[in-house]
Every structure is written in structure tokens, then in C-alpha cells.
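Enquirer: Let me give you the structure first, and then I'll get to my questions.
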Amino acid sequence: KINTKQIPSTKAVGGFLFAQRIAHLSKTFYNRKKIKGGIAVRMILSPTKKMQSGSGKDRVLHRPQFLEETVQLWEVLREFAPYELESAFRINPQLALQAACDFQDFSPEAKGEAALFSYIGLAFSNLQPETFSEEELLFCDETLRILSGFYGLVRPLDGIQPYRLEMG
């Protein structure tokens, strides 16, 4: 039995606090080899609308699992004019222009940035991936998945490029 008072606290709020605590428990069990055959917990995060590039992380990245489907979607989206994206996504003209530029700049062969460092939002900032050790980053890569309207389900170390695609 694990003493829950030993679980580190966090400034995060709501369900994320729970997810972080579960991740800590899972890591504790995994490191103690109490779980045979792999990791017990998988966490899923929704992407954020805001993205950044240039995380400075120079590491080996995975290719997204559903890259072929991403390319099919990109082939359609790159034909849209900014005003069409504005109407379809119900976004302002500046965001539509940026989205159009992102689709024009997309290259299926590009390495991209690690997904975990690309999204900007409450859950990602509270996760503080920039503070992870290499071991913690690899553990996160095994246990966390990020939903993406453009890439599908991505791992934290999948290389992705900036995009804007409303889900919903």
C-alpha cells in the first residue's frame, strides 16, 4: 500500500491534479517492477489552440502514427484561402491568415518539434515538461497521449508542426 501523503503536491487545478497524482503512482509502481508487462496508466490530453515552436529541445523524435492521414487532410486544407478558413473555423482574420500560412509551410518530411513542448495551455504549463529529466520524459512518452485534430493521437515526443484546426 502506498502512502498518499508521499505524493508530491502541485499548483495544478481540477482533474489535472488527479492525473498527475495517478501518473506519480503509476511511475512508482513501474519503477518498483510491481506491474508486469508495461505501464498501467495512460493519460490523454486535449490539444490547445495556441502552439509554439523553437522549444530548443534537440532530441530524436518519432514520426506521428497517423501521418498518412495527416497528409491527406493537409492536401485539402492547403487549398483553402484565409477567408475560407475564417468562415469554416469561425476565427478572426489574423488567426485565419496564420492557419493558412501554417498549412502552406507544412512539410510531411519536416522533423517538427516535440508535441509536448509545442502546445501552450494550462495543462501543458502545469505539467512543466521543460523541467523533466530524461527518464521522466521517456516515462511521459510511454504514458501520455495528446489528441490532435490534425495529427490524430500523438505521443509527447512525436515531431509535429504548428497548425490550427478546430475540433468540434
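The values are calculated or read from the model by the stated rules, or taken from the named source; none is laboratory data. Because the structure is predicted, anything quoted here is derived from the model rather than measured. Every residue, glycine among them, receives a Cβ derived from its backbone with ideal geometry; neighbour counts consider all protein chains shown. These area figures cover heavy atoms from the full protein model, side chains too; ligands, DNA and RNA do not enter into them. Shrake-Rupley method; radii C 1.70, N 1.55, O 1.52, S 1.80 Å.
Enquirer: Output the residues belonging to segment 144-154 that are farther than 12 Å from T48 by Cβ and surrounded by fewer than 20 Cβ atoms within 10 Å (Cβ to Cβ).
Expert: R145, G152, L153
Enquirer: Quick check on my filter: what residues within segment 105-131 are farther than 22 Å from L67 by Cβ and open to solvent by 50 Å² or more (accessible area, probe 1.4 Å)?
Expert: Selection gives I120, L122, S125, Q128, E130, T131.
Enquirer: Could you grab me the full set of residues in segment 124-167 that are in contact with a helix residue (DSSP H, G or I) (Cβ under 7 Å, 6 or more places away or on another chain) and aromatic (F, W, Y)?
Expert: Selection gives F132, F139, F150, Y151, Y163.
Matching residues to (1) open to solvent by 80 Å² or more (accessible area, probe 1.4 Å); (2) in contact with a strand residue (DSSP E or B) (Cβ under 7 Å, 6 or more places away or on another chain); (3) not hydrophobic (A, V, I, L, M, F, W, C):
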site	(1), (2), (3)
S46	no, yes, yes
Q65	yes, yes, yes
L73	no, no, no
R78	yes, no, yes
P82	no, no, yes
S87	yes, no, yes
Q94	yes, no, yes
L97	yes, no, no
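Enquirer: Going through segment 54-109 one residue at a time, which ones are farther than 19 Å from L147 by Cα and touching a Gly at 6+ places or on another chain (Cβ under 7 Å)?
Expert: Result: no residue meets the conditions.
Enquirer: For F66, all conditions in the list (1) closer than 17 Å to G112 by Cβ; (2) modelled with pLDDT under 55 hold save one; what is the number of the exception?
Expert: (2)
Enquirer: Continuing with this model, one more query. E166 is checked against (1) surrounded by 19 or more Cβ atoms within 10 Å (Cβ to Cβ); (2) not in a helix (DSSP H, G or I) and fails just one. What number does that condition carry?
Expert: So E166 meets the others, but not (1).
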